[in-house]
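To start, the structure under review is shown below, and the notes come after it.
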Amino acid sequence: MIFPYLIHILILIGIYSILSVSLNLVLGYSGLLNLGQIALFGIGAYTSALLSTNGVPFVVSFILAGIISAIFGLLLVFATKKLKGDYFALASLGFAFVIYSLLLNLKEITNGPLGITSIPKPTLFGFIIKENFYFLLLVLIICIISIYIINKIVNSGFGKLLSAMRDNELGLKVLGKNTSKLKYKAMLISGFFAGISGSLYAHYIGYIEPNTFYLTELIFILTIVIIGGIASIKGSVISTFLIIAISETSRFLPFPSSIVGPARQIVYSVILLIILIFKPRGLYGRIDLE
Amino acid sequence: MSLLLQVIVNGLIAGSIYALVSCGFSLIYNTNRFMHFAHGVSVLVSGYILFTLFTLLNFNFYFALISSLVYSSFIGFLIFRIVYLPLQNRKASNVILLIASISLLLLFQNLLQMIYGANVKDIGFTDIKIGYEIGDVIITQNQIIILIISIILFVSLFLFMNKTKLGKNMRAVSENKELASIVGINSKKVSDLSFFIGSFLGGIAGVLISLEQNVTPYMGTMLTIKGFTSSIIGGIFSVPGSILGSYILGLAENLGILYLPSGYKDAISFVLLFLFLLLKPNGLFSSKRRVN
C-alpha cells in the first residue's frame, strides 16, 4: 500500500527536480529573472502529449518537447533583450500569461480547458512502460543525466561567465564578452530541460490542462527554487524533495480536497513569504536573490 | 451599428472598473517604485466583506459597503507595513517584491476559496438591476453608477494630487524621492497614504464588480492583471495615462470579441500586455521617463 505511493512521490520528485534545476540555471546562475519557466514546462508537456497521441514514438516526442521549449525560451530572451530587471521579470510573466491563454483558446489544437486526455505511456525499444516502478527508473535515469549535465555546465568556463554576467553584466561587456549570446545559450539549455520535464509529466499523469501551467504552479516552482537557494543545484533538489513530500502527504489529512487544495497553496505562499523576508538565501543559496 | 454602440458602452463600463484598479496601481508604483501585484487583494477583500455583511448577515447595504471599503483600504496598508517594508528595509530588489506580491495574491485567493468555496457568490442587491433602453443600447442602473462613480473618483483624485498639500507631497516623492526627503517630506508617510488611497480605489472596484457580476476568489487575480495591463498600455508613470489605458483595454477587449470567439477576451489583454512590454514599455502616454 505504502510502496506504490512512495514510487509515485519519487517520480514527481524526479520530474520537478529537473524543472527546478533548469529554473535555477537561469534564475540563480545567470541572473535572468525568468517568471515564464512554467510556460516552457507546459509547452514541453503539450508538445509531447500532442505528438504521442498522434502516433509519434515517445523518444521523438520527448526530444522534440525539449527542442520546442528551448526555442520558445530563446524567443523569450531574444524578444525581451532590451528589458532589464523587473521589466524582464514582468515580460516573462506576460509570456506565461500568453502561453496560458493560447493553451486555453486554441481549441482545435489543445482541446481548450478540457485538456488532453489518455496520453500514452512511454514505449522504449518496443517495451511499454506501464508500471510505475519502471517509469520511476526512466525518470531517475533522465533526472540524473540532466542534473549531471547542468552541474557540468555551471562549473564550466561557460558557467563561470554566466555567474559573472549575473554579478556584473556591464563589467563583462567591458571585457568584450557578448552577454546577449550568453543569455540565449542559458535560456536554450534551461528551456530544453524544462521541456523534457514537461514531457515526462504529461506521460506520467496521462492528462494535462492549461491550469497546470499557470500562476499557482509558477509559485510552486518558484517556492522550490527559492527555498533551496539561489545558484545551488543541491538546494533545488533537496527543496523539491521537501515540498513534494509535504504536498503529497497532505492528501492523507482528514479533510475534503476542497479544503486541502487551497490549504496547500496557502502553506506554499506563506513559506515563500517567510523565506523572502527572513532567509533570502534559502537553505543552500550562495548569494541573496537580487 | 446598434451592436457596435452596445459594444462600445460595454467597453467603457469594463474600462471604468479596470481604471479604478489601474490608477491605484499606478499611484502605488509611482510613490514606491515597485509592482504591487497584491493590489487584487483589496478587490477580493471588499467583495467578500460586502458579501458576508450584506448577503450572509443581512446588514444594511450602506453599512456593508462602507465596511468593505474600510477593510480593503486597511489590508493594502497592512500588506505594505508587514511584507513590503521589511523587504525594502533589507534592500530587496523589485523582483523580490514582485514575487512576494504574487504569492500574497495567491495566498488571499486560496484563503477565501477555503473559507467560502470556489463557486460564484451573488450579492443579491436587486435595487440597481433595472435596465434602461437608450436608443438601441441597453444599460443597467448599476452600469450607469459604475460610469458616474469612476468619473467622480478620477476628478477627485486629480484635485487631490494637484490642489492639496498631501497630494503635492505625493507627487514630489514620485518625481524624486531623495529631493523630497531633503525638503522634509516623510516618504514613508507618503507610501502609507498611497497604499491607503490605492487600496481604497481597488476596494471600490471590488464592490462595483461584485454588484455587476459576482464574487469569486479569482476576481482579484483577474483584475490585477487587467489593471496592470492597462497601466502598461497607458504608461505606469502617469495616473491619467493608466486611466486612459484602462478604457483602451476595455474597448479593445469588447471590440475584439466582435470578431473572435468570446473566450479570447482575456487572451486579448494578455497579448496586449506582452506586446506593450516588448515594444513600448513606457506606455502610450507617459512622457519623459525611461523604464530602464
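Some notes on this structure:
- Put in line by how crowded their Cβ is, counting other Cβ atoms within 10 Å and starting with the fewest, B:Ser194, B:Ser210 read B:Ser194, B:Ser210.
- Test item: Cα-centred dipole of segment B:2-279, Lys/Arg +1 and Asp/Glu -1 on Cβ, debye: 1080
- Pairs from the list B:Lys163/B:Lys188; A:Lys279/B:Lys226; A:Lys84/B:Lys280 with a Cα-Cα gap above 25 Å: A:Lys279/B:Lys226.
- Here is the P(r) of the protein assembly as shown: all C-alpha pair distances, binned every 20 Å from 0, give 20, 53, 25, 2 in whole percents.
- Global geometry of segment B:54-150, whether rounded, prolate or oblate, following the gyration tensor of its Cα atoms and the 1.5 cut on a/c: prolate
- Judged by the ratio a/c of the largest to the smallest principal axis of the C-alpha gyration tensor, segment A:79-120 counts as prolate, that ratio being 1.5 or greater while a/b is larger than b/c.
- Placing +1 on the Cβ of every Lys and Arg and -1 on the Cβ of every Asp and Glu, with no other charges, gives the protein assembly as shown a dipole of roughly 2040 debye about its Cα centre.
- Whole-Å distance, taken between Cα centres, linking segment B:205-280 and segment A:122-138: 46
- For segment A:158-168, 3J(HN,Hα) per residue [Karplus equation, 6.51 cos²θ - 1.76 cosθ + 1.60, θ = phi - 60°, Hz, x = Gly/Pro]: 4, x, 5, 4, 4, 5, 5, 5, 4, 7, 7
- For B:Tyr18, A:Tyr134, A:Tyr207, order by how many other beta-carbon atoms lie within 10 Å, fewest first: A:Tyr207, A:Tyr134, B:Tyr18
- Computed as a quarter of the hull surface, the mean projected area of the alpha carbon convex hull for segment A:13-96 stands at 5.7 nm².
- Ordered by the number of other Cβ atoms lying within 10 Å of each residue's own Cβ, fewest first, B:Tyr218, B:Tyr247 fall into the sequence B:Tyr218, B:Tyr247.
- Burial order of peptide ranges A:112-121, A:227-236, B:271-280, A:40-49 (average beta-carbon count within 10 Å, highest first): A:40-49, A:227-236, B:271-280, A:112-121
- Amide H contacts for A:Leu124 (H built 1.01 Å from N in the peptide plane; partners 5 or more residues away or on another chain; cut-off under 5 Å): A:Ile129.
- Averaged over peptide B:87-95, the number of partner chain Cβ atoms lying within 10 Å of each residue's Cβ comes to 5.
- Positive-pole candidate from A:Asn54, A:Val21, A:Ile43, dipole of chain A, charges at beta carbon: A:Val21
- Relative to the longest principal axis of the Cα atoms of chain A, the long axis of helix A:58-79 lies at roughly 30 degrees.
- Tensor-based shape of segment B:2-279 (alpha-carbon gyration tensor, a/c under 1.5 rounded, otherwise prolate or oblate): prolate
- The modelled label-to-label distance between B:Lys168 and B:Lys189, using points 7 Å beyond Cα along the C-beta direction, is 1.5 nm.
- Peptide A:256-267 has a mean shielding of 4, counted as Cβ atoms of other protein chains within 10 Å of each residue's Cβ.
Every number in this text was worked out from the coordinates using simple rules, so none of it is lab data. As the structure is a prediction and not an experimental result, all values here were calculated from the model. All Cβ positions, glycine included, derive from the backbone under ideal geometry; neighbour counts span all protein chains shown.
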